[in-house]
Amino acid sequence: MASRLRHTEELQELASLIFATRRLMRQRLAAAFGPADPSTWLHMETLFFLHKHTGASMRAVALHLSITIPSASALVSKLVRAGFVKRSSGKDKRMARLSTTARGARELARARRIATETLRELFGDLRPEELHELLRILRRATRAA
């Protein structure tokens, strides 16, 4: 029982550390891109997804972000108005295909540089084998989800 309790405490600490890392990333992105906007992280995640999945549907964006289709539509509309995403639609708006614009790709590249530098600050002291082990563990955990 004591080892199970300890394991629970370690998992709770892990969750706390993951959230703290994410919070730091959001703060750095907000500082670089302007006033803190609660959806900034979602904006960047959406740009990343669309950059990798050119022509994705609104439904695919919603599934990837684990949000509703109306929420994804509102989020994408903001990105379209900002000039980061373009919609290619036929007769039915629901069948629109989404992709990043050149401006969106530049914004994503900038965000990735900031994120990489932040992670370098956090994990730069790890030996190469420690970093590989951390990556292996995180990949395994995300595949299991």
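The values are calculated or read from the model by the stated rules, or taken from the named source; none is laboratory data. Quick caveat: nothing in here was measured; it's all calculated off a predicted structure. Neighbour counts run over all protein chains shown; Cβ positions are idealised from the backbone, glycine included.
Would you please list the contacts, defined by Cβ atoms under 8 Å and residues six or more apart or on different chains, that run from a residue in the stretch 47-59 that is at negative phi to a residue that is in a loop (DSSP other than H, G, I, E, B)?
L47/F84; S57/A96; M58/A96
Can you tell me which of (1) surrounded by fewer than 17 Cβ atoms within 10 Å (Cβ to Cβ); (2) touching a Leu at 6+ places or on another chain (Cβ under 8 Å) is the one S77 doesn't meet?
Result: S77 passes all but (2).
Which of the residues belonging to the stretch 32-47 are farther than 12 Å from L79 by Cβ and either at pLDDT 95 or above or of a type in the set (A, V, I, L, M, F, W, C) (or both)?
Across the stretch 32-47, the qualifying residues are A32, F33, A36, W41.
Within the stretch 58-73, identify whether any single residue is at pLDDT 90 or above, among the charged types (D, E, K, R), surrounded by 15 or more Cβ atoms within 10 Å (Cβ to Cβ) and not in a loop (DSSP other than H, G, I, E, B), and answer yes or no.
no
Of all residues in the stretch 74-89, how many are in a helix (DSSP H, G or I) and not polar (S, T, N, Q)?
Number of matching residues: 7.
Restricting attention to the stretch 105-119, which residues are at pLDDT 90 or above and either surrounded by fewer than 11 Cβ atoms within 10 Å (Cβ to Cβ) or among the basic types (K, R) (or both)?
R106
Take the residues in the stretch 81-104 that are of a type in the set (A, V, I, L, M, F, W, C) and surrounded by fewer than 16 Cβ atoms within 10 Å (Cβ to Cβ); name whichever of them is modelled with the highest pLDDT.
A102
Filter the stretch 68-89 down to the residues that are touching a residue at least 12 places away in the same chain (Cβ under 8 Å) and either touching a helix residue (DSSP H, G or I) at 6+ places or on another chain (Cβ under 6 Å) or closer than 14 Å to L42 by Cα (or both) and list them by number.
Correct list: A72, S73, L75, V76, K78, L79, G83, F84, V85.
Can you report the number of residues in the stretch 90-112 which are assigned to a loop (DSSP other than H, G, I, E, B), touching a residue at least 12 places away in the same chain (Cβ under 8 Å) and more than 24 Å from M25 (Cβ to Cβ)?
Residues that pass the stated criteria total 1.
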